[in-house]
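Everything below concerns the one structure shown next.
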Amino acid sequence: MKIIAGDKKENLIIESDALVIGRVEGDIKVLSGAKLFLEAQLTGNIHLNKHSHVSIQNNVSGNVYDYGATIEIVKGKVIGEIISE
């Protein structure tokens, strides 16, 4: 599993299983088959491709766009909308 830590001010593309820790300002796109464990505070949107997975463990200030993924909110909350397409 890839670990991404620190303060990121950029968009991220998750191609394989990843743990994101810290803060992210930007959008996160999770590709098909990848799992994102989001412990970071996110200011931005999450785009989930079909057959991807996200485990939200902190606050997300933005929308979650679900294109056929699995969404798990462990703790924290989504301050925005979860939009299924």
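Each value in this text was obtained by applying a stated rule to the coordinates, not by laboratory testing. Being a predicted model, the structure only gives us computed values, none of them experimental. Cβ coordinates were reconstructed from backbone atoms using ideal geometry, including for glycine residues, and neighbour counts include every protein chain displayed.
Structural remarks
- In this Cβ point-charge picture (+1 for Lys and Arg, -1 for Asp and Glu), the chain has a dipole of about 160 debye about its Cα centre.
- The lysine pair tally for region 2-84, using Cα distances under 16 Å and a gap of 8 or more places or different chains, is 6.
- Per-residue Karplus couplings for region 61-76, computed as 6.51 cos²θ - 1.76 cosθ + 1.60 with θ equal to phi - 60°, are listed in order as 9, x, 9, 10, 9, 9, 10, x, 9, 10, 10, 10, 9, 7, 8, x Hz, Gly and Pro entered as x.
- Taking a Cβ cut-off of under 12 Å around N59, the surrounding Lys, Arg, Asp and Glu residues balance to a net charge of +2, with basic ones at +1 and acidic ones at -1.
- The amide H of S61, built 1.01 Å from its N in the peptide plane, has L42, T43, G44, I79 as neighbours under 5 Å, considering only residues 5 or more places off or on other chains.
- Derived scalar couplings ³J(HN,Hα) [region 19-36; Karplus, 6.51 cos²θ - 1.76 cosθ + 1.60; whole Hz; x for Gly, Pro]: 10, 10, 10, x, 9, 10, 10, x, 8, 10, 10, 10, 7, 3, x, 8, 10, 10
- Kirkwood Rh (inverse of mean 1/r, distinct Cα pairs), region 2-84, angstrom: 12.0 Å
- Phi to ³J(HN,Hα) by Karplus 6.51 cos²θ - 1.76 cosθ + 1.60 over region 4-17, Hz, x for Gly, Pro: 10, 10, x, 9, 10, 10, 6, 7, 10, 10, 9, 9, 9, 3
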